[in-house]
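As structure tokens, the structure follows; a few thoughts come after it.
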Amino acid sequence: DTAVSQTPKYLVTQMGNDKSIKCEQNLGHDTMYWYKQDSKKFLKIMFSYNNKELIINETVPNRFSPKSPDKAHLNLHINSLELGDSAVYFCASSQRLQSSYEQYFGPGTRLTVT
Amino acid sequence: GQQVMQIPQYQHVQEGEDFTTYCNSSTTLSNIQWYKQRPGGHPVFLIQLVKSGEVKKQKRLTFQFGEAKKNSSLHITATQTTDVGTYFCAGPSMKTSYDKVIFGPGTSLSVIP
């Protein structure tokens, strides 16, 4: 039983296309996150949701739009993809919003924009 | 702004040698977490430290939180090939009204068999 799952695992697409990544957690956690990891391994938070409510919205282009239909799901839609969007995107969840709770990461989605 | 730094960025060791990575924050941290990411994998939580001067051990791994709660270290004794990966420290951001975790840039460990 995978605790945090993401689909797809790999995504190869052309510039200008729109794509979505889906994330689901079966841990009963309140909080979910999207992170972007670049080629240098930097993990940068993009968004966090707590009980379906957007809490953190870092300096991310408007082309990125998260959606949380329920507490167990957090999807990421990206419009008009650019070369610089190529990265690994991780979904994560934690029991509560506070930083003292450990985060459980999904397997990642490797996005390649050509 | 608040920063969480890690040194070294990369470390190559012979199997059996010890390894240490250091994490430094520009501000005092209420807690610090450590994660490990294997090549091609995802970050996995290792441990959290909360108290000033706290030391915790997990088999060959020793984690320490500084007295001033601004730095931390992870020491691995007698490295094995299974220790290969990137080790991240993470601490809460103090510059926002909400609780947010900032990850350090990581230390990538290579173990030569």
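Take each residue of peptide A:93-106, count the partner chain Cβ atoms within 10 Å of its Cβ, and average: the result is 5.
Please state the shape class of the range B:50-100: rounded when a/c is under 1.5, otherwise prolate if a/b exceeds b/c and oblate if not, all from the C-alpha gyration tensor. Note, shape of the range B:50-100 comes out oblate.
Each pair of Cα atoms in the range A:1-46 enters the Kirkwood radius, and Stokes-Einstein at 25 °C and 0.890 mPa s then converts it into a translational diffusion coefficient of 191 µm²/s. Remark: mean inter-chain Cβ contacts per residue of B:30-37 equal 3, using a 10 Å Cβ-Cβ cutoff to other protein chain atoms.
Each of A:S20, A:S99 was scored by other Cβ atoms within 10 Å of its Cβ. Arranged with the fewest first, they read A:S20, A:S99.
What is the gain in length, in nm to one decimal, between A:E53 and A:D70 on full extension, counting 0.36 nm per residue of separation less the C-alpha to C-alpha distance? Working shown, then result.
On the way: separation 17, 0.36 × 17 = 6.12 nm, distance 0.96 nm.
Difference between extended and current length: 5.2 nm.
Taking all C-alpha pairs of the protein assembly as shown, those more than 24 Å from each other amount to 45 percent. Quick check for you: which residues of the range B:28-68 have the amide N under 16 Å from the point 7 Å beyond the Cα of A:N17 toward its beta carbon? None, by backbone N distance to the label point. Stokes-Einstein, applied to the Kirkwood radius of chain A over Cα pairs at a viscosity of 1.002 mPa s and 20 °C, places its translational diffusion at 154 µm² s⁻¹.
For the peptides A:77-83, A:102-108, B:20-26, A:48-54, the ranking by mean Cβ contacts within 10 Å, running from highest to lowest, is A:102-108, B:20-26, A:48-54, A:77-83. Taking the range A:32-98 as the region of interest, the number of lysine pairs whose Cα atoms are within less than 24 Å, with members eight or more places apart or on different chains, is 9.
For trypsin sites (Lys or Arg not before Pro), the sites in the range B:1-64 that DSSP calls loop and that have at most 12 other Cβ atoms within 10 Å are B:K51, B:K59.
Peptide A:30-36 is shielded by partner chain Cβ atoms: per residue, an average of 1 of them sit within 10 Å of its Cβ. The calculated P(r) of the range B:1-56, using every Cα pair and 10 Å bins from 0, goes 17, 45, 33, 5 in percent. The alpha-carbon atoms of chain B, seen along their principal axes, cover 46, 28, 20 angstrom, with the largest extent given first.
To the nearest 0.05, how large is the calculated FRET efficiency for B:V55 and A:R63 if R₀ is 45 Å and r is the Cβ-Cβ distance? Spell out each step's value before the answer.
Details: r = 45 Å, r/R0 = 1.01.
Calculated transfer efficiency: 0.50.
Bear in mind that the values in this text are calculations on the coordinates, not laboratory data. No experiment lies behind these values; they were computed from the predicted model shown. Methodologically, a virtual Cβ is constructed for each residue, glycine included, from the backbone with ideal geometry; neighbour enumeration extends over all protein chains shown.
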